[in-house]
Amino acid sequence: MHTPSPAGPLTGLTVVEMAGIGPCPLAGMLLADHGADVLVIERPGGRVLDTGTGLDRGKRRTCLDLKTTDGLAEARALVEGADALIEGFRPGVMERLGLGPEVFQASHPRLVYGRLTGWGQTGPLAQAAGHDINYVAVTGVLSAATRAGVAPSIPATLIGDMGGGAMFLAFGLMAALWEAQRSGRGQVVDAAMVDGVGLLSSLLHSLRAAGRWSDKPEQNFFLHSSPFYDCFECADGSFVSIGALEPQFYAELLQRLGLDDVDPAAQHDRSQWPALRERVASRLREKTRDEWSAQLEGSNVCFAPVLTLAEAPLHPHALARGSFTQTESGHWQPAAAPRFSRSR
């Protein structure tokens, strides 16, 4: 095993980030976490939404008034001295500011220009307002987060903003930078959340094409109808998650819950799901979440307690891996990911 070096794998990469909220700052932090020098250009008046310092880790900041000749000139100079720029405004905003990609075509042809939006730079919705829930909805993915008779529900900001947006912007930026090393030419990266979320759903489309995905929750074990793949309430009102998909894991679940009269070979007999689901739910309500964790965690049942954001950093697995770090003020925040064997 190599000893990590003091420098991250992106050391030497310089990025200008136009200050914004949510996904673009996360993409910038991903780059900074791994050694990139990320400079955030803030405009006078502060941030649109105060999200604390959780997305500022490892970055430098400067405040420039882009409505002034000097401020705009300084911003252009900073971009011309960087390998890449990332921004998350609606299409046309950077052009109106005088910082669109065409400004740098002659002076900085190697510049990679990363643009992150919900709907993308083109298309009939390009100028429409929207948020994470809208982008996930139009891709069809929101419909895969429901149960019979209940409205779809998803975790806030994770799928559209961060998964389909920030992660694909960071990947697209690195892909374009790699290509620029060979061609000597930069390009615009159009990272649309609707495109990213759509690609994230590739497995669902594959299952559907193979006849293994039903849009009807009562016929789909992923959609909260089965006795072996869902979250269940415990005696203390907390929840645990069960994901015993494979036959051997399902058999162990039945054994550990004392349901010895249930035939594990009938796992996918949907006619038996409602009654068996109630039996599993009833059994799990007999003990608290922590009691079930002591009994099932680490087994082949595919079990995990449903933790709050406050509890997650203190879980033994998270502590052992250093999955969270503490700020000087004592607040927990997720640590850099992924890990590298040699680089920091």
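The values are calculated or read from the model by the stated rules, or taken from the named source; none is laboratory data. Here the structure is a predicted model, which is why all the values come from computation and not from measurement. Note that each Cβ is placed from the backbone with ideal geometry, even for glycine, and that neighbours are counted across all protein chains shown.
Yes or no, residue by residue, for (1) over 14 Å from Pro23 (Cα atoms); (2) not basic (Lys, Arg); (3) not assigned by TED's automatic domain parsing to the domain that holds Asp190:
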| position | (1), (2), (3) |
| --- | --- |
| Asp83 | yes, yes, no |
| Arg115 | no, no, no |
| Asn134 | yes, yes, no |
| Ser143 | yes, yes, no |
| Ser153 | yes, yes, no |
| Ile159 | no, yes, no |
| Met162 | no, yes, no |
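Among the helices (runs of 4 or more DSSP H) confined to the stretch 158-242, the ones with at least 3 residues that are more than 30 Å from Trp273 (Cα to Cα) and without any contact (Cβ under 8 Å) to a residue 12 or more places away in the chain are located at 167-183.
Results for (1) within 29 Å of Leu158 (Cα to Cα); (2) buried (at least 17 other Cβ atoms within 10 Å of the Cβ); (3) touching a Lys or Arg at 6+ places or on another chain (Cβ under 8 Å), shown as yes or no for each residue.
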position	(1), (2), (3)
Asp260	no, no, no
His268	no, no, no
Ala281	yes, no, no
Asp290	yes, no, no
Val301	yes, yes, yes
Ala304	yes, yes, no
Gln333	yes, no, yes
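Test Arg277 against the stated conditions and say whether it is among the basic types (Lys, Arg) and touching a residue at least 60 places away in the same chain (Cβ under 8 Å). Taking the combined requirement at face value, the residue does not satisfy it.
Entry remark, the stretch 108-144: residues being farther than 16 Å from Gly196 by Cβ and crowded, with 17+ Cβ neighbours inside 10 Å number 4 in total. Using the structure shown, decide if Val262 is assigned to a loop (DSSP other than H, G, I, E, B), more than 19 Å from Glu218 (Cβ to Cβ) and either in contact with a strand residue (DSSP E or B) (Cβ under 8 Å, 6 or more places away or on another chain) or among the hydroxyl-bearing types (Ser, Thr, Tyr) (or both). The answer is no for Val262. No other residue among Thr139, Thr146, Thr117, Thr157 is of a type in the set (Val, Ile, Thr) and touching a strand residue (DSSP E or B) at 6+ places or on another chain (Cβ under 8 Å) apart from Thr117. A single entry from Gly22, Gly35, Gly92 fulfils the requirement of being on the phi > 0 side of the Ramachandran plot, at pLDDT below 95 and among the small types (Gly, Ala, Ser): Gly22.
Residues in the stretch 180-204 that are surrounded by 14 or more Cβ atoms within 10 Å (Cβ to Cβ), more than 21 Å from Ala126 (Cα to Cα) and not aliphatic (A, V, I, L, M): Gly186, Ser201.
Between Gly130, Gly120, the distinction of being in contact with a helix residue (DSSP H, G or I) (Cβ under 7 Å, 6 or more places away or on another chain) and in a loop (DSSP other than H, G, I, E, B) belongs to Gly120 only.
Residue count for the stretch 205-227 under the criterion of being among the hydrophobic types (A, V, I, L, M, F, W, C), crowded, with 16+ Cβ neighbours inside 10 Å and over 17 Å from Ser241 (Cβ atoms): the result is 1.
Of the numbered criteria (1) over 22 Å from Pro152 (Cα atoms); (2) in contact (Cβ under 8 Å) with a residue 40 or more places away in the chain, the one Pro247 fails is (2). Restricting the search to strands (runs of 3 or more DSSP E) fully inside the stretch 9-111 and requiring at least 1 residues that are over 24 Å from the mean Cα position of the chain (by Cα) and not hydroxyl-bearing (Ser, Thr, Tyr) gives 37-42, 60-63. Return yes when Arg147 is modelled with pLDDT of 95 or more, of a type in the set (Lys, Arg) and out of contact with any Phe, Trp or Tyr (no Cβ under 9 Å at 6 or more places or on another chain) and no when it is not. So Arg147 fails the test. Applying the selection to the stretch 328-344, what residues are of a type in the set (S, T, N, Q) and over 15 Å from Arg57 (Cα atoms)? Scanning the stretch 328-344 gives Ser341, Ser343.
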